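Have a look at the structure below before the remarks.
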Amino acid sequence: QVQLAESGGGLVQPGGSLRLSCVASNSAFVIYRMGWYRQAPGKQRELVATVTSGSILNYADSVKGRFTISRDAAKNTVYLQMSNLKPEDTAVYYCNAVVLTTDYWGQGTQVTVSS
C-alpha cells in the first residue's frame with residue numbers, strides 16, 4: 001500500500017508563495033505519475049499539475065505560469081511551487097500517485113489565500 005505524506009500548506013496573502021511537498025513510501029513498483037489535485041468548498045476535485053516518470057508535465061490552465069511542479073525520483077518526492085497566489089487558489093490540496101493502474105491519495109493539506 002503506497003502511502004503519501006504531504007506538507008507545506010498554510011495561510012498566505014494574495015501574491016504570496018508556498019511550496020508543497022509530498023513523499024511517497026511503500027511502493028513496490030515504479031511510480032508512473034505523481035501530482036497535485038485540489039478541492040475547494042462546494043466544488044469537485046480538480047487537477048492542478050502532474051509529472052510522469054518520463055518528466056511529462058501537465059498543468060491546469062488556471063495555474064500555468066504561476067505554479068511549477070517538480071519531482072525527485074530518487075526520493076519519491078513531488079513538489080509544487082506556487083507563486084502569485086490568488087484567493088481562488090484556496091482549497092485542500094491532495095497529492096496523487098499512480099502505480100501500475102492504481103491511484104493513491106494523500107490526506108490533503110489546506111492552502112488558504114487571504115488578506
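To make sure I understand the rule: partners must be lysines, Cα under 26 Å from the Cα of Lys43, and not fewer than 8 residues away in the same chain. Which ones qualify?
Qualifying lysines at Cα under 26 Å: Lys64, Lys86.
Any idea how far the Cα center of the stretch 1-37 sits from the one of the stretch 52-112, in Å?
Cα centroid of the stretch 1-37 versus Cα centroid of the stretch 52-112: 6 Å apart.
Thr102 accessible area, nearest 10 Å², 1.4 Å probe?
60 Å²
Per-residue HN-Hα couplings for the stretch 95-103, Karplus 6.51 cos²θ - 1.76 cosθ + 1.60 at θ = phi - 60°, whole Hz, x for Gly and Pro?
Couplings: 7, 10, 9, 10, 10, 6, 10, 10, 8 Hz.
Could you work out what % of the accessible surface of the stretch 1-105 is carbon and sulfur, using a 1.4 angstrom probe and leaving DNA, RNA and ligands out of the count?
Solvent-exposed carbon and sulfur of the stretch 1-105 make up 49 percent of the total.
Subtracting the Cα-Cα distance from 0.36 nm times the residue separation, let me have the gained length for Ser7 to Asn84 in nm, one decimal.
Stretched fully, the Ser7-Asn84 segment lengthens by 25.8 nm.
Keeping all protein chains in place and using 1.4 angstrom, which order do Arg45, Arg33, Arg66 fall into by accessible surface area, from largest down?
Heavy-atom accessible area, descending, gives Arg45, Arg33, Arg66.
Hey, rough spin-label estimate for Lys43 and Asn26, points 7 angstrom out along Cα→Cβ, what's it come to in nanometres?
Going by the 7 Å Cα→Cβ label model, 3.1 nm.
Heavy-atom accessible area per residue, the chain, 1.4 Å probe: how many Å²?
Ligands and nucleic acids excluded, the figure is 54 Å² per residue.
The values are calculated or read from the model by the stated rules, or taken from the named source; none is laboratory data. The structure displayed is predicted, hence computed values, not measured ones. Heads up, the Cβs are rebuilt from the backbone with ideal geometry, glycines too, and the neighbour counts pull from every protein chain shown. The protein model used for the area step is the full one, side chains on, heavy atoms only, and it has no ligands, DNA or RNA in it. Shrake-Rupley method; radii C 1.70, N 1.55, O 1.52, S 1.80 Å.
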